[in-house]
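The values are calculated or read from the model by the stated rules, or taken from the named source; none is laboratory data. The structure displayed is predicted, hence computed values, not measured ones. Cβ sites come from the backbone with ideal geometry, for glycine too, and all protein chains shown count toward neighbours.
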Amino acid sequence: MSQYFEIGDETLWNPSNGAARLFLRQVEVFEAELELPSGLGPMRNDECEIDPAVFSVFVHALLARHRRTGHGVVLALSEGFVATVVALAGRAGTDIDWARLEAVPDGPRSDVHVSAAGMSGPGDGGPWAAALRARAAELSRGMAR
């Protein structure tokens, strides 16, 4: 069995039940963290309708937060989810301003990692967006419609 993530009559993603369930649980976590609705769901009769306008706001807030994060564990826990959301956003036609995101992170740094070696923060420019887009493209190739 599988689930359907759709906008109108277009299926954007058709994952297995387990992948859909895990993804939607992660959506709930990030909705709470961002204090924003995602525009996804609820899942009804194996179908999850996506509200493109609400989803776009969520995607941009998620990416801005991810860009500001410098904590290694937080990044490790969130990178796969963020890449999956970017892949889904691409299929949904969400325009992402990568140049603005890549420039200087909006807002203060968050979840900065402090260790015996000192404090680290998010990278300044460089390969952040390219790496995330490459991972999202890789995931998208394996995401059934």
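Couple of notes before you dig in:
- Candidates Leu88, Leu24, Leu62 - the one that is modelled with pLDDT of 95 or more, more than 22 Å from Leu101 (Cβ to Cβ) and within 12 Å of the chain's Cα centre (by Cα): Leu24
- Selection from the range 28-86 of residues that are in contact with a strand residue (DSSP E or B) (Cβ under 8 Å, 6 or more places away or on another chain), under 23 Å from Pro15 (Cα atoms) and of a type in the set (Gly, Ala, Ser): Gly39, Gly41, Ser78
- Search result, residues across the range 120-145 that are surrounded by 14 or more Cβ atoms within 10 Å (Cβ to Cβ) and either modelled with pLDDT under 90 or among the aliphatic types (A, V, I, L, M) (or both): Ser120, Gly121, Pro122, Trp128, Ala129, Leu132, Ala136, Leu139, Met143
- Taken as a whole, the structure leaves Leu75 outside the set of residues that are at pLDDT 95 or above and surrounded by 14 or more Cβ atoms within 10 Å (Cβ to Cβ).
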